[in-house]
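The values are calculated or read from the model by the stated rules, or taken from the named source; none is laboratory data. Keep in mind it's a predicted model, so treat the numbers as computed, not measured. Virtual Cβ from ideal backbone geometry, glycine too; neighbours counted across all protein chains shown. These accessible areas exclude ligands, DNA and RNA; they are computed on the full protein's heavy atoms, side chains included. Shrake-Rupley method; radii C 1.70, N 1.55, O 1.52, S 1.80 Å.
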Amino acid sequence: MDILQFMDDTLLVGKGTWKHVSEIKAALRAFELVSGLGINYHKSKLIGTNSSNTFLETASIVLSCKVEDIKFYFLDIPIGFNLRKKETWRHLLQKMKNRLVRWKNHFLNLGGRITLLKSILSSLTIFIMSFYKMPVKSVKEFKRLQSNFLWGGVEEKRKINWISYKDINLPIEKGG
């Protein structure tokens with residue numbers, strides 16, 4: 001059994017055998033006893049590849065969790081998706097749009113919007129792109145969203161671009 005942990009997320013990986021199911025159950029119970037913390041089994045999911053549905057359903061009852069589809073997100077990283085399809089990247093694009101709406105950028109000056117773009121919005125895409133190569137069409141969508149935020153805010157109205165978006169993305173030493 002392999003374990004991948006990040007903050008309060010844990011991914012337990014093992015073979016689809018009853019031996020591994022019992023080891024996972026024992027590890028979870030040991031964690032509860034040692035730490036004094038409880039595991040939220042309503043949020044826990046069992047994901048199986050090359051396993052029968054009967055095995056997964058029975059194992060989910062033993063582990064007190066629900067069976068999840070092979071496609072899922074772990075730390076917002078898409079797992080099991082076809083990365084060449086634009087639909088795979090819609091989740092991240094929607095997350096970025098939701099952040100932009102909350103910021104109500106009409107209260108921010110140009111410097112504030114640039115800071116938000118560089119520090120927060122760019123880091124969302126860079127994190128995912130450190131794992132996967134993003135399709136060119138999706139890259140263009142993200143750039144368009146960031147450019148519209150910089151120049152026009154969350155509104156759909158187009159405003160004048162005083163500086164080219166390519167120049168803004170340059171390093172500071174080169175005038176960006």
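Restricting segment 67-80 to residues that are open to solvent by less than 60 Å² (accessible area, probe 1.4 Å) and either part of a helix (DSSP H, G or I) or aromatic (F, W, Y) (or both), which is modelled with the highest pLDDT?
By that ranking, first place goes to F72.
Within segment 89-118, can you find the residues that are free of Cβ contacts under 8 Å to residues at least 40 places away in the same chain and polar (S, T, N, Q)?
Passing the criteria: Q94, N98, N109, T115.
Could you give me the residue pairs with C-beta distances under 7 Å whose first residue belongs to segment 6-29 and is without any contact (Cβ under 8 Å) to a residue 12 or more places away in the chain, whose second residue is in a strand (DSSP E or B) wherever it lies, and which are 6+ apart or on separate chains?
T10/I3
Quick check on my filter: what residues within segment 106-136 are outside any helix (DSSP H, G or I) and under 12 Å from W89 (Cα atoms)? Reasoning before the result, please.
Step one: filter segment 106-136 for residues outside any helix (DSSP H, G or I), giving 108-109, 130-135.
Listed by number, the residues that qualify are Y132, K133, M134, P135.
Listed here are the residues, each with its yes/no results for (1) over 30 Å from K118 (Cβ atoms); (2) at pLDDT below 85.
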| site | (1), (2) |
| --- | --- |
| S22 | yes, no |
| L28 | yes, no |
| I39 | yes, no |
| N53 | yes, no |
| E57 | yes, no |
| Q94 | no, no |
| N105 | no, yes |
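Name the residue that is farthest from the chain's Cα centre (by Cα), counting only residues in segment 98-126 that are farther than 20 Å from I168 by Cβ and open to solvent by less than 90 Å² (accessible area, probe 1.4 Å).
Checking each candidate, the answer is V101.
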